[in-house]
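Following: one structure in structure tokens, then a few remarks.
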Amino acid sequence: MSDCLFCKIVQGTIPARKVFEDEQVVAFHDIQPQAPVHLLVIPKKHIATMNDCEADDAALLGHTLLAAQQVAREAGLADNGYRLVNNCGKDSGQLVFHIHWHILGGEKLAGLNPKNSPVSE
């Protein structure tokens, strides 16, 4: 998709602070972090939302989640824990319509409250 911000990151036309990349997945720092560590993990294939995933995407989705696990471990989050979040659709807060997961950590995170930020203040 020519107008997708994350597709442009995959293509290299928009810079990102990448922390991981392989043939199928890219992970990079969020430009508006909501926690001391806030990374995004995206498949290189454009899929707009979780609702747009098909059975043929199962292996890619599994690979993306395993990449998220590796990225979290390499960021030093595995021992104390981290939050892995996928927002689906505009009412969930999805801003970029290219499926992605947020890795949030680096501090004790507050419980999820839809009226407040997902991290402690």
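Run E54 past the list (1) over 24 Å from G105 (Cα atoms); (2) touching a Lys or Arg at 6+ places or on another chain (Cβ under 9 Å) and report the number of the one that doesn't hold.
Looking at each condition in turn, E54 falls short on (2).
What number goes with the only condition from (1) out of contact with any strand residue (DSSP E or B) (no Cβ under 6 Å at 6 or more places or on another chain); (2) at pLDDT 95 or above; (3) among the aliphatic types (A, V, I, L, M); (4) part of a loop (DSSP other than H, G, I, E, B) that V119 does not pass?
Evaluating V119 over (1) out of contact with any strand residue (DSSP E or B) (no Cβ under 6 Å at 6 or more places or on another chain); (2) at pLDDT 95 or above; (3) among the aliphatic types (A, V, I, L, M); (4) part of a loop (DSSP other than H, G, I, E, B) leaves (2) as the failure.
Among the listed residues V96, V71, V41, which satisfies the condition of being surrounded by fewer than 17 Cβ atoms within 10 Å (Cβ to Cβ), touching a residue at least 12 places away in the same chain (Cβ under 8 Å) and either closer than 24 Å to A110 by Cβ or hydrophobic (A, V, I, L, M, F, W, C) (or both)?
V96
Does A27 meet the test of being buried (at least 19 other Cβ atoms within 10 Å of the Cβ) and either touching a Cys at 6+ places or on another chain (Cβ under 6 Å) or not β-branched (V, I, T) (or both)?
yes
Which of the numbered conditions does V25 fail, given that it passes all the others? Conditions: (1) in contact with a Phe, Trp or Tyr (Cβ under 8 Å, 6 or more places away or on another chain); (2) under 22 Å from C4 (Cα atoms); (3) not hydroxyl-bearing (S, T, Y).
(1)
Does I103 satisfy being in a strand (DSSP E or B) and either touching a strand residue (DSSP E or B) at 6+ places or on another chain (Cβ under 7 Å) or not acidic (D, E) (or both)?
The answer is yes for I103.
The values are calculated or read from the model by the stated rules, or taken from the named source; none is laboratory data. Since we're looking at a predicted model, the values are computed, not measured. In this analysis, Cβ positions are derived from the backbone assuming ideal geometry, glycine residues included, and neighbour counts consider all displayed protein chains.
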